[in-house]
Each structure stands twice: as structure tokens, then as C-alpha cells.
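Just below is one structure, and these are the notes that go with it.
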Amino acid sequence: MSARSWGPADGPLGPLDQALRDCAAARFSGELHVIGAPGGMICLADGAVSAIETPWSPSPEVILLRSGRVTSADWEAAFTAATVARGRLSDELVTRGLVGAGELEAVLRTALADAMFAFAAGFVDTCRAEAGTPDFEMPLTPGAEADGLVAEALRRMEVLADFPGPPLHARARVTAAPRAAARRETTPDDGHDGALALIDGRRTIRDLAFARGRGLYVTTLEVARMRGNGLIAVPAADGQHPGDEDGDPQRKAAAVGPTAAGLPRRHKDRPAQPKRTGDADGRSLPAVLRLLRPRADGGPQAPRTVLTSNELGGM
Amino acid sequence: MGTSLQEALHQVLAAEGVRTVALIDIASGMVVRFVGEPNPGLATAAVSLADEARAARGLLGPRPGGDLEEIAAVTDSGLHLSRVLLDKPGEGFLLFVDVDRARANIALASLRVGQFAPAVLA
């Protein structure tokens, strides 16, 4: 098999499931291009999966660096040495003692499973296999069996499907609920604090995974748990805030007071621009100016030069 | 061709009475690798063990010396040891070992697993 394509098919993985089975049966070596959302590329060696690239799932490099397991300086030194020696980066990392061989294999395997889950969580339209010798920096050698990765991806989809609420999408933006800030101050870290600190309303689930160097599935699972605990909100597909759509009075009551970031809450009936007030808080201008005068009782320091209302009137 | 991870798991498997050895990702509950007798319930058990490890960690909290080290489950025929391997990234891994009680001493098995554990991710 030098080149072959698979058209659209039913199932969570579309034609990818069949493509992987055919490649395994033919002991195919080369690249299997996945066209869809997310797209990606699967590196196959003798029919087994040795590497996967997809923009929704952090690569082993991202996992090791963002988690702090390997520092950037050490990584760059190992990368340079591997490039000069025309060796593999994974071998260089192990040789330098930056990561254990067993640990690296475990990271590579979990990264492959996560990338396969990303395909299952998205949409696969078509697949195209091209024979060759793909050049990856950190391939899993020997590769992982594709059917095992597919089974794991489907198991993960079932786990997430058991959570109440609408399905979570990798590109859904996550917002911290008001009670999250209070909870962080009063309760010990139960593992959610790292994610909560990064949730700013702009980051998607996929962004959180990359920012923390954790898998897309693990991050989605954590988001699902936090949503179940009322710590976060994930806007519905139409952009409507879920707290508004279910009419839950408790949730609406929670939308009073400061935001999770501690900032004053902006209410819907509050105009975007402050009112132009010639008389602040109903006070006349002379009354306001009197407030700015230095106080004889040693109160707060006021400006040394204060124009009186008469002086203003004479200007 | 075996890998270093597979070889390390085989070393644990070579201990007296050990039937199955598996490496479990705590964050996802995935069986990363296993050796020994195929066990159809291993995948389900892995998810439960990972949940249990997370729950125990949450219960223990961040107090000094409160890190979870091992989860042991004893049945009339077997001993299930799950040793926490704390190497980052993620939430770490569990070294799961299924021991035949008829062929091994529980305390000795736990000691041997503890001795082998650091070499698994090395």
C-alpha cells in the first residue's frame, strides 16, 4: 500500500477507525493524514502508531515543558545535541538524565491516547495514507497498537457523556463562576486550583490543556467536574450564558457581588458609559468643591490649591 | 522488541506470586502498559483505582507527610497493590500489582513492590 484514501463514514472516528485497521493489517509505514476538525497526522511504523500530531492535543514536548518536568534550557541543550549528532531527541533526553526511559515511554503513550481522543471528540471527514519514512523527534518505538488507542478514545467519550449538561467542546471558552473565587480562599487545593487560576473567560478547554501541559481529555474531564460543582460555566453553543438559560434562581442569586476575579460586577441594566453628572451624587458644584478643601481636623490630605466656586465663576 | 517500561514491569512480575502488573495513568485512568495474565476487568479496575487515588489525595490534602503512597485491597484469593509513582507530569502513575495470596506473603509482596517501584519510570 503506497497511497490510499478513506471517505466519510459513520461513527465517532469516521473513516479513521477503518483506516487504522487497514494500515495495521498491511503493516503500513508512513503518514496517515486525518482531514477534519481537528485535522492531524498519524505516523505509522509497521502498522503501529508511533506519533500523532493534532492541534487540539498537547504534544509530548508541550507536556514535558509546560508541566515543568524538563526545563526549557535543558530541552534546548538536548535538542541541539541531538541535532548535531543526528540522533533522536528522546534518546538525548534519557541519556542526559532529564527524564527516565520508562517515564518518557509512559508520557508518549498517554500523549498518543490523548491525540486519538481529540480526533474522536472532533470530526473526521476523510483519511489519506502516504507511504514513507516520517521523521518525528520523539516517536514511540515500537509503536502502540491502533485498536487499543481507538478503544481508549471511545472509553473516554463514554466517560464524558455520563456527565450531566451539554457536551463539552474543545473550543468552548470557560468562565469561572463567582463562587470559585470564594472557594479558593476558603478551601484547600483539591487539584482544581491550577485550572481555575488560568480560567479567564477567553481560554478554551484546548487552551487550558496546552497552558498546563496536560491532556485534552484530562482537562475536559476536570472542566466537566468543575462545571458539576458550579465552579465554572461553559457558554452554550449559541453564546448564551448557561446560568441564564436554565433559570435556576440559585445561580442567578450567585451572580450578585464581585466577580471571580474580585472586580465589580457589570449589570445588564448598567450603561456602558458612566452618566455625565454635573452634580455628583445630587450635590451642587460648590458643595463638591467644599469637599476638596483641606480639613482642619487633619483628615485626608487635599490638594493645596483649591478653586472656590467664586473663583470658578470669575474664570 | 521490549521497551524499558515493559522490562521494568516484567521485573516486578518475576516476584513470587505476582500475576499481573500494570502502569496506570492517574489523571485519565488509562492502562498505559501491562504484563502478565490478561485480565478483562483491568481497564475498569484501572479507572476505579485512579479515582480512588485522586479521592484519597483530596482527603489527605497538602499536609506534610500526607502524600498517598499505596492503596491495598485484600480479597480471599488475592492482593491488589497500587503504588503511587510521583514523577510528574500530570498526576503521576500507579503501579498496579495483582498478587496471588496463596503464593505470596502480603507484607513481603508489598515490600518487594516498594523496592521495584522506583525503577519502573527510571
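The numbers here are math on the coordinates, done by the rules we state, and not lab data. From a predicted model like this one, the values you see are computed outputs, not experimental measurements. As a convention, Cβ positions derive from the backbone with ideal geometry for all residues, glycine included, and neighbour counts pool all protein chains shown.
Show me A:91-98, A:168-175 ranked by packing, highest mean number of other Cβ atoms within 10 Å first.
Order by mean packing, descending: A:168-175, A:91-98.
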For chain B, what are Rg and Dmax over the alpha carbons, in angstrom? 13.6, 43
Helix axis angle, B:42-60 relative to chain B longest principal axis, alpha carbon, degrees: 40
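Go through A:104-114, A:5-15 and give me the packing order, highest mean Cβ count within 10 Å leading.
My ranking of the peptides, most packed first, is A:104-114, A:5-15.
Charges at C-beta only: +1 for Lys and Arg, -1 for Asp and Glu. How large is the resulting dipole of region B:20-122 about its Cα centre, in Debye rounded to 20?
Approximately 180 debye in magnitude.
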Report the FRET efficiency, 1/(1 + (r/R0)^6), for B:GLU16 and A:ARG4, where r is their Cβ-Cβ distance and R0 is 35 Å, rounded to 0.05. 0.10
If one takes the longest principal axis of the Cα atoms in chain B, at what angle in degrees, from 0 to 90 and to the nearest 10, does the Cα axis of helix B:4-13 lie? 70
Just to confirm my numbers, what's the Cα centroid distance between region A:201-234 and region B:1-56 in Å? 27
Over region A:95-150, volume per residue of the alpha carbon convex hull, in Å³: 115
Can you give me the three principal axis dimensions of region A:4-86 from its C-alpha atoms, in Å, biggest first? 45, 26, 16
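Mind checking A:214-223 for the average number of partner chain beta-carbons within 10 Å of each residue's beta-carbon? Intermediate results must be reported in sequence, preceding the final value.
Working: counts 5, 6, 0, 4, 8, 1, 0, 3, 1, 0.
For peptide A:214-223, the averaged partner shielding equals 3.
Tell me, rounded to the nearest percent, the portion of alpha carbon pairs in region A:1-151 spaced more than 20 Å apart.
Cα-Cα pairs of region A:1-151 separated by over 20 Å account for 48 percent.
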What is region A:1-157's relative contact order, in percent, from Cα pairs under 8 angstrom and six or more apart in sequence? 39
Any idea what the relative contact order of chain B is, in percent, if you count C-alpha pairs under 8 Å spaced at least 6 apart? 28
Run the quick spin-label model on B:GLU37 and A:ASP147: label points 7 Å from Cα toward the beta carbon, then report their separation in nm to one decimal. 2.3
For the residue pair A:GLU158 and A:HIS33, what label-to-label distance in nm results when each label sits 7 Å from Cα along the Cα-to-beta-carbon direction? 3.4
